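These notes concern the structure reproduced below.
The values are calculated or read from the model by the stated rules, or taken from the named source; none is laboratory data. Note that the structure is a prediction, hence the values are computed from the model and not measured. Note that each Cβ is placed from the backbone with ideal geometry, even for glycine, and that neighbours are counted across all protein chains shown.
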Amino acid sequence: MSIAHKGFDLSAFQLSDETLELIHKRDELEERHRKYRMENADCARQYIDDSHGRTTRDYYVPALRKADKELREQEMQAVADGRPLPDREEYLAEVRSRVKEYERVEPALARALDQAESAVTEAIVKELPELARQGFEQSERALKQYRAAIAKVEAARAQLAGSVNRFLWATTGGELTRPKWRGFSGALGEEVNAWRTTSDGRLTFDSAKDLGLIDQYRGNRAEFGDFVAPPEGHAA
């Protein structure tokens, strides 16, 4: 479960049950507020911009505007058919009631959410010393894990470097003892990017060039085995 406060992820902390309960209550209120506003969006005031794009104090309510438009159409039809006009107050009563309810409920939900957010903030502030201790201990554990992982990576890279050197030495009859290509420094791990193979298990032509197995003047320096694929676009 994701636990956040003001955009910061608290999921990795061990928070007290009391704080977790406050966060749960806040999240429920936040969802209720969001859902209520979405379901009753047509009851919210829409403020009108002036000719310069600045918001004015004038507004309209989409639900009331829609109901008024529908009423005018019914009035026009009633006149055309020679029937009595529908009662305006009765027709608009339901939508007006819904808008009035929205104008009371939405601000109340917003205030309740603000109050819940403040309660969460106060609870977290009280726990900050403990959370700082947890963060310190987590950092110590993570550093040990990181160092162990790096040691494994470095060992694997050293193994790869040795394997590449042995391959080059053997396939060139001892001429190459390590990769030699323009820009290849021999730094540990460069073989990771230089060693690339095709789907049929051969070195790509570019990889062979990167490793120094293909020389621009001497061509393929391999004396044994069909280890290098032809350049892309060339037949084998």
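Can you tell me which residues in segment 178-209 are at pLDDT 85 or above and closer than 23 Å to Glu154 by Cα? Selection gives Trp195, Arg196, Thr197, Ser207.
Would you check if Tyr102 is among the aromatic types (Phe, Trp, Tyr), in the same structural domain as Leu128 (by TED's automatic domain parsing) and modelled with pLDDT of 95 or more? Can you show your working first?
On the way: among the aromatic types (Phe, Trp, Tyr): yes; in the same structural domain as Leu128 (by TED's automatic domain parsing): yes; modelled with pLDDT of 95 or more: yes.
Considered against the rule, which asks whether it is among the aromatic types (Phe, Trp, Tyr), in the same structural domain as Leu128 (by TED's automatic domain parsing) and modelled with pLDDT of 95 or more, Tyr102 comes out as yes.
Please tell me if Val79 is surrounded by 15 or more Cβ atoms within 10 Å (Cβ to Cβ) and either in a helix (DSSP H, G or I) or not assigned by TED's automatic domain parsing to the domain that holds Asn40 (or both). Answer is no for this residue.
Only one of the listed residues (Ile124, Ile150) is β-branched (Val, Ile, Thr) and in contact with a His (Cβ under 9 Å, 6 or more places away or on another chain). That residue is Ile124.
Checked against (1) at pLDDT 95 or above; (2) assigned to a helix (DSSP H, G or I); (3) not β-branched (Val, Ile, Thr), Glu89 passes all but a single condition, namely (1).
Just for segment 41-68: of the residues that are assigned to a strand (DSSP E or B) and not aromatic (Phe, Trp, Tyr), which one is nearest to Glu103 (Cα to Cα)?
Filtering segment 41-68 for residues assigned to a strand (DSSP E or B) gives 46-49, 55-60.
Those still in the list that are not aromatic (Phe, Trp, Tyr) too: 46, 48-49, 55-58.
Values: Gln46: 13, Ile48: 18, Asp49: 22, Thr55: 20, Thr56: 19, Arg57: 17, Asp58: 17 Å.
Among those that are assigned to a strand (DSSP E or B) and not aromatic (Phe, Trp, Tyr), it is Gln46.
When residues in segment 115-134 are screened for being surrounded by 13 or more Cβ atoms within 10 Å (Cβ to Cβ) and either of a type in the set (Gly, Ala, Ser) or at pLDDT below 95 (or both), 3 of them pass.
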